[in-house]
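**Student:** For reference, the structure I am asking about is given below.
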Amino acid sequence: MKLYDFELHAECYAARLMLSLLGVPHEVETVDVYPEAAHLTPAFRAINPLGRVPVLEDGALRFGTVQGILAYLAAAYDTSGQWAPDTAVLRGEVAGWMAIAAELAATAGQARLIETMFAQGDAEAARAGAEGLLRVIDQHLWFGEVEGRDWLCSAPHPTIADIACFPHLVLSEDGGISRQDYPAIRRWIDRVKRLPGFTVMSGVFATSSAL
Amino acid sequence: MMDLAGWHPIAAATDVVRRHVFHGQLLGREVAVWRADDGFVNVWENRCLHRGVRLSMGLNDGRELRCLYHGWRYANRSAGCTYIPAHPADAPARRICNRTYPGVEAAGMIWSAVAPEAEFALPEVLVGTDPLVLRPVSVNAAPGVALSMAEGLVPGGSVARGASVLFGQAGLVVFVQPLDAHRCVLRGVLLRQPEDRIAALRDHDGLLCALREGIEAAGEAAPAPLEVSFQPVDEALGQMPARGVGGGELRVQVTRKWAAAEGIVGVQLRALRGVLPTFQPGAHIDVHLPNGMRRPYSIVNAPGEEGYTIGVKRDDAGRGGSICLHDAVRQGDVLAISAPRNTFPLRRDSERVLLIAGGIGITPMLAMAQALAVQGIAYALHVFARSAAHVPFAERLEGLAVTRHLGLDAAQTGAALSGILSGYAFSHHVYACGPAPMLSAARQIAAAQGWTEEAVHLEYFANPEAIDDSSAFEIALARSAMTLQVPAGRTILQVLQENGVDLPSSCEQGACGTCVCGVLEGDVAHQDVYLSASEHAANDRIMTCVSRAKSARLVLDI
Amino acid sequence: MAQDRGALMTELCNDPVMLEHWHPVVSLEELRRHGRCRTMLLDRAVEIVAQGEGAVVRCEAALVGSLVQYGYVWASFGEAPKPLFAVPEFDEADRRFVVTGVFGVQVSAGRAIENFLDMGHFPYVHAGILGEEPHTEVKDYDVEVSQNRDEILATRCRFYQPKAAVSSDAGAEVDYIYRVPHPNCAVLYKSSPMDAARLDVIYIFVQPMGQERIRAHTGMCIIDDASSDLEIRSFQQTIFGQDKPILENQYPRRLPLDPRAETPIRADKSAIAYRRWLASKGLRWGVIPAGV
């Protein structure tokens, strides 16, 4: 298995994190995304016509979106069946949060690319969009704590929805979005960091043990 | 200008969960709020004093908060720095302490104030209630604007105490926590526990979110953020230090005294007011005794626990300090002690640490073992004693990696030490405290097994050597521009103190290392057991309580 | 966070110390890729347009003084800016010059330079790469302010690095020399794993967009035929990505020059020298001057 990867890319981190949590052996091919923009070259578009990382290659199979990668890895390599649970309720919840993860990428993630790597766009608008989402996520997680639920979906364990949202939330400060107003998100970040098999990326630090 | 004296809720009790650091703010001042494993809630200025990095990024390990940038550790309760990894061989010489704010946990919330003029008093409306704390809702609007609009939330609201709105009929209070001039948090509280808790939380959350929407939509121009200035650190901390010394006297109360083992009492000391200074594992305090004596005792507990605990072995043949503590000092007594000093610092940049304790020499080792265990550094504690009944503080040994060696004679002790000290490797360190013969044996065995001198750290109870004070010589004080004569029968330390030169001292027999002084010129006749052989040979430091001059004159860096 | 940004931008930098220096605005590599670059320098919007081998820099249609050096376009608003510092290694033909990227950071230039000079954070912020617990000691080193060159020089710096060379898994002490020849630029010399007699050069050239907002230009000038540009870039980006959240969480963002603002230790000798050096120049912009 091979991951086409760029260290500082939030969605590549989601893919690396999932691989690490599942303990799936794989090789990594770094794509010179910044500043070389190698992902936009014809050579890379032959691998992923979308011109995007991450791309996961498993034998002859190729997945060129983070949603596809997470869903595939969970279905193919998670023997516990936890990460992409198969009940009607959880399927609906996971799909919903995967959509929110994509919205986070377009707002918080975009603000980060603008501030850090000088992508084109309106950083203030991106932050405003992210703030609306973060308020809802914080509220959802706060009620989760009250109701005895630690993760985004109603399962008693994390799912790919948590992994899809995590990079954008944990990297939000890069885009100028403080998490001070979102205490429940901050606690959930600690919980994700304490999952067995958790791995950091450049700019994300481990937390203390809860034991 | 906003009122800095008022107490405000800054977090819900449920915000400060185990091993987490909450990021809060009050009147422009950011705070890091964290609960230690003993339940204490710390409210600290949100910046490490070293380089200003937010402590809310730091790691809560249950007893200490570790800054993410350079790994500096700060203790629960006192907020004092306990360890600076860049200088592992130093005891943090200066008293480095983070700024704290008062914190009180009451009615399901954490309350604090920037510059309180009075002790915390629970708002009257909450007294005697068992409230349900609602979800906090942060608002991008000035606190005053939020407060006045909150009044119209449900009929019958009225502003109380200048920072909260009370809805008597609904049994609801909304506190407006001023984060800054332009931002606030609505903290709602239901005065009675509702029948359906979750439904009540959701209903009222909807109410507060709608209120927020209204406030933010009103579009009142937000004032500029408050200008926050930071208090400068003490002048001494602004200087780059070489090594320093501990400070003046502290008053403590004996809150507990008990028989910790055969012939050994445990004495627990608490501050009369406030919080005692932070210390590092291996530190000792000088206790001023009712009989006028002053004696050093190692601190048994680890940083982050409240107060200091010491262990004192009765020594009928001693100079009388231990007898006085055993017989005359009682629970409730007030004693003067020195601030903690550390002349036996624990390096934490080791891959493996051996701790060897003989008898009452276990006292500094307990603090060290606890610190190593918390930090996850491999260590082994070896306790030598006459019998199990002679091992004090047995309750503190639970959960530590301890091996007991009981009832061994000198030869057996040597054999045991040989086994313990085998397998030296780079980055291993050994610390030993116990009777002089045992330490001499440990030093010899370690050297024979290839331990480098820097890796062997010994603390003597007392100097076993007979001190020769027959010489007479001159000392010149380079920094004070004074020249003094040291006659036979007097020590350098005594002569310095008689002439008004303030040099701290403790054991006064060349064992503890407190009265160290730099040597610029002259040959030293070392008589201490604190410095190692190569440190003696370097001839650049002297223990002024026992060591003297071989040359006619010594120039000291003081 | 976001709200704090506006207030400081309203006034343009008028600090003569900053105005009389050359500042990096874009790498030739970035300029070649896009043909032009719009950015900020000292609170002013500037545009750089490629022209032949070099570039022209404009600020509101007016031409701004510029030069090309070390692979970058440098600009200055000053009448007679101080000549740009020398890094002779850039002229050595057998070295590889790799631009590792430019990153936007919400921090003052001074904080970024100080972090570049700092070794004590290696085992924590760059764990497993530039340092590793429990090997946390910063051994004594020498710092001097060179009078004839007006720069800070830190020598005899050593730090334990878990992977001392690409080829080895064993940890060892690595030697460093740091130079700060410009208030916003620093150069690090590090023993080369390829040639024991020579030193690799790693630089950070900070472009101060505003008092609390920078573009950090990083790169290397090294003796290495084994690693690809991509490997070198990934390595350096990983390092910088680790420093970034630390820099953005330093509080206050501007570098305090008052000795009592923070608590230095012996390991901070170079930072102390740097702060004193900036204070002695009378710098007020991007810093919190002493006595304020």
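No value in this document is a laboratory result; all are computed from the given coordinates. A quick note: this is a predicted structure, and the numbers were derived from the prediction, not measured. When we count neighbours, we look across all protein chains shown, and the Cβ atoms used for this are built from the backbone with ideal geometry, even at glycine.
**Student:** Okay, helix-only estimate at 222 nm for chain A: each DSSP H run of n ≥ 4 adds -39500 (n - 2.57), divide by all residues, round to 500 deg cm²/dmol; what do you get?
**Tutor:** Result for chain A: -15000 deg cm²/dmol, rounded to the nearest 500.
**Student:** Let me ask you something else. Work out the length of the dipole vector of region C:249-288 about its Cα centre, built from +1 on the beta-carbon of each Lys and Arg and -1 on the beta-carbon of each Asp and Glu, and round it to the nearest 20 debye.
**Tutor:** That gives region C:249-288 a dipole magnitude of about 120 debye.
**Student:** Shifting gears a bit: So how do B:319, B:47 line up by other beta-carbon neighbours within 10 Å, fewest first?
**Tutor:** Going from sparsest to densest Cβ surroundings: B:319, B:47.
**Student:** Can you work out ³J(HN,Hα) from phi for every residue in region A:148-157, in order, using Karplus 6.51 cos²θ - 1.76 cosθ + 1.60 and θ = phi - 60°, giving whole Hz and x for Gly and Pro?
**Tutor:** Calculated HN-Hα couplings, in order: x, 10, 8, 10, 5, 8, 7, 5, x, 8 Hz.
**Student:** To the nearest 0.05, what FRET efficiency results for residue A:80 and residue B:251 with a Förster distance of 41 Å applied to their C-beta separation?
**Tutor:** 0.10
**Student:** Rounded, prolate or oblate: which one fits chain A, using the alpha carbon gyration tensor with axes a ≥ b ≥ c (rounded when a/c is under 1.5, else prolate when a/b beats b/c, else oblate)?
**Tutor:** On the way: a/c = 1.69, a/b = 1.15, b/c = 1.47.
Note, shape of chain A comes out oblate.
**Student:** Would you order B:417, C:230 from fewest to most other beta-carbon atoms within 10 Å of each residue's own beta-carbon?
**Tutor:** Listed from fewest to most nearby Cβ atoms, that is C:230, B:417.
**Student:** Kindly provide the helix-only [θ] at 222 nm of chain B, computed as the sum of -39,500 (n - 2.57) over DSSP H runs of four or more divided by all residues, to the nearest 500 deg cm²/dmol?
**Tutor:** -5000 deg cm²/dmol
**Student:** Turning to a different aspect of this structure: Relative to a virtual label point 7 Å from the Cα of residue B:485 in the Cα→beta-carbon direction, which members of region B:447-476 show backbone nitrogen distances below 20 Å?
**Tutor:** Residues B:469-476 qualify, since their backbone N sits under 20 Å from the label point.
**Student:** Taking the Cα centre of region A:73-211 as origin, work out the dipole magnitude from +1 charges on Lys and Arg Cβ and -1 charges on Asp and Glu Cβ, in debye rounded to 20.
**Tutor:** Dipole size: approximately 280 debye.
**Student:** Related question: Evaluate the Kirkwood expression for the hydrodynamic radius of chain B, namely the inverse of the mean inverse distance over all pairs of different C-alpha atoms, and round to one decimal in Å.
**Tutor:** Hydrodynamic radius (Kirkwood, Cα only) of chain B equals 26.6 Å.
**Student:** When only DSSP loop residues count, what GluC sites (Glu not before Pro) in region A:144-211 have their Cβ near at most 15 other Cβ atoms within 10 Å?
**Tutor:** On the way: sites: A:145, A:147, A:173; in loops: A:147.
The qualifying sites are A:147.
**Student:** Here is a follow-up. Roughly how many Å is it from the Cα centre of region C:217-251 to that of region B:263-297, as a whole number?
**Tutor:** With region C:217-251 and region B:263-297 each reduced to a Cα centre, they are spaced 50 Å.
**Student:** Separate question: Hey, if you put +1 on the Cβ of every Lys and Arg and -1 on every Asp and Glu Cβ in region A:88-193, which of A:130, A:148, A:167 ends up farthest toward the positive end of that dipole?
**Tutor:** The Cα lying farthest towards the positive end belongs to A:148.
**Student:** Put +1 on the Cβ of each Lys and Arg and -1 on the Cβ of each Asp and Glu in region A:56-124; which of A:59, A:74, A:99 then has its Cα farthest toward the positive end of the dipole?
**Tutor:** Result: A:59.
**Student:** Could you compute the FRET efficiency for residue A:211 and residue B:158, with r as their C-beta to C-beta distance and R0 at 56 Å, rounded to 0.05?
**Tutor:** 0.70
**Student:** In addition: Calculate the spin-label point distance for residue B:195 paired with residue B:327, positioning each point 7 Å from the Cα along the beta-carbon direction, and give it in nanometres.
**Tutor:** 7.2
**Student:** Turning to a different aspect of this structure: Quick check: pseudo-label points 7 Å beyond the Cα along Cα→Cβ at residue C:94 and residue C:238, how many nm apart are they?
**Tutor:** Those two pseudo-labels are separated by 2.8 nm.
**Student:** Work out the charge dipole of region B:473-556 with +1 on the Cβ of Lys and Arg and -1 on the Cβ of Asp and Glu about the Cα centre, then indicate which of B:510, B:554, B:493 is farthest towards its positive end.
**Tutor:** Comparing the listed Cα positions along the dipole, B:554 ranks first.
**Student:** If you don't mind, there's one more thing I want to ask. Express in whole angstrom the spacing between the alpha-carbon centres of region C:273-290 and region A:142-205.
**Tutor:** 40
**Student:** Based on the mean of other Cβ atoms within 10 Å per residue, sort peptides B:363-372, B:510-519, B:523-532 so the most packed one is first. Numbers along the way, then the final one.
**Tutor:** Details: B:363-372: 26.0, B:510-519: 22.8, B:523-532: 20.4.
Highest to lowest by the protection proxy: B:363-372, B:510-519, B:523-532.
**Student:** Follow-up. Under the definition of partner shielding as Cβ atoms of other protein chains within 10 Å of a residue Cβ, what is the mean value for peptide B:313-320?
**Tutor:** 0
**Student:** How crowded by other chains is B:215-221, given as the mean number of beta carbons from other chains within 10 Å of each beta carbon?
**Tutor:** 0
**Student:** Scan around residue B:185 for amide H atoms under 5 Å from its own, H built in the peptide plane at 1.01 Å from N, and keep only partners 5 or more places away or cross-chain.
**Tutor:** B:139, B:177, B:179
**Student:** Between residue C:142 and residue C:175, take the C-beta separation as r, use R0 = 22 Å, and let me know the FRET efficiency to the nearest 0.05.
**Tutor:** On the way: r = 12 Å, r/R0 = 0.56.
Result of the calculation: an efficiency of 0.95.
**Student:** Shifting gears a bit: When ranked by the protection proxy of mean other Cβ atoms within 10 Å per residue, highest first, what sequence do the peptides A:18-26, A:179-187 form?
**Tutor:** Peptide ranking by packing, descending: A:179-187, A:18-26.
**Student:** So what does the Cα-only Debye profile of region B:1-122 read at q = 0.11, 0.16 Å⁻¹, as log10 I(q)/I(0), no solvent term?
**Tutor:** -0.36, -0.73
**Student:** Assuming a ≥ b ≥ c are the square roots of the Cα gyration tensor eigenvalues, decide whether chain C counts as rounded (a/c under 1.5), prolate (otherwise, with a/b larger than b/c) or oblate. Intermediate results must be reported in sequence, preceding the final value.
**Tutor:** On the way: a/c = 1.66, a/b = 1.22, b/c = 1.36.
Judged from the Cα gyration tensor, chain C comes out oblate (a/c at least 1.5, b/c at or above a/b).
**Student:** OK, next. Hey, can you grab everything whose amide H is under 5 Å from the amide H of residue B:165? Only 5+ residues off in sequence or another chain; H modelled, so Pro and N-termini drop out.
**Tutor:** B:160, B:174, B:175, B:176
**Student:** Ok, one more. Please sort B:96-106, A:79-89, B:375-385 by packing, taking for each peptide the average over its residues of neighbouring beta carbons within 10 angstrom, highest first.
**Tutor:** Packing order, densest peptide first, comes out as B:375-385, B:96-106, A:79-89.
**Student:** Something else now. List the residues, sorted by chain then number, that are 5 or more residues from residue B:70 or on another chain and whose placed amide H is less than 5 Å from its amide H.
**Tutor:** Close amide H contacts, sequence-distant or interchain: none at all.
**Student:** About its Cα centre, what dipole magnitude does the protein assembly as shown give when the only charges are +1 on Lys and Arg Cβ and -1 on Asp and Glu Cβ, stated in debye to the nearest 20?
**Tutor:** I would put it at about 1240 debye.
**Student:** Taking each residue of B:8-16 in turn, how many C-beta atoms of other protein chains fall within 10 Å of its C-beta, and what is the average?
**Tutor:** 2
**Student:** At 222 nm, what helix-only mean residue ellipticity would chain C give, in deg cm²/dmol to the nearest 500, using -39500 (n - 2.57) for each DSSP H run of four or more? Please report the intermediate quantities before stating the final value.
**Tutor:** Numbers: 7 runs with 61 residues, N = 292.
Here the helix-only value at 222 nm equals -6000 deg cm²/dmol.
**Student:** Moving on to the next point. Would you list B:491, A:65 from fewest to most Cβ contacts within 10 Å?
**Tutor:** A:65, B:491
**Student:** Gap in Å between the Cα centre of region B:131-205 and the Cα centre of region B:1-67?
**Tutor:** 23
**Student:** Nearest-5 percent of antiparallel DSSP beta bridges in the protein assembly as shown?
**Tutor:** Here the antiparallel bridges make up roughly 85 percent for the protein assembly as shown.
**Student:** With everything on Cα atoms, drop me the angle between helix B:362-375 and the longest principal axis of chain B, reported from 0 to 90° to the nearest 10.
**Tutor:** Taking the Cα atoms of chain B, the angle to B:362-375 is about 40 degrees.
**Student:** Of the DSSP beta bridges with both residues in chain A, give the percent that are antiparallel, rounding to the nearest 5.
**Tutor:** 60
**Student:** Continuing with the same structure: Just grab the label-to-label distance for residue B:202 and residue C:58, each label 7 Å out from Cα along the Cβ direction, in nm (one decimal).
**Tutor:** A separation of 6.1 nm, rounded to one decimal place.
**Student:** While we're looking at this one, here's another question. Going by a ≥ b ≥ c, the root eigenvalues of the Cα gyration tensor, does region B:123-224 fall in the rounded group (a/c under 1.5), the prolate group (a/b larger than b/c) or the oblate group?
**Tutor:** Prolate is the answer for region B:123-224, as a/c is 1.5 or above and a/b outweighs b/c.
**Student:** Let me ask something else about it. Residues of region B:171-187 with amide nitrogen under 15 Å from the 7 Å Cα-to-Cβ point of residue B:14?
**Tutor:** Only B:187 pass the distance filter.
**Student:** Oh, and also: For the protein assembly as shown, how big is the tail of P(r) above 42 Å, as a whole percent of Cα pairs?
**Tutor:** 47
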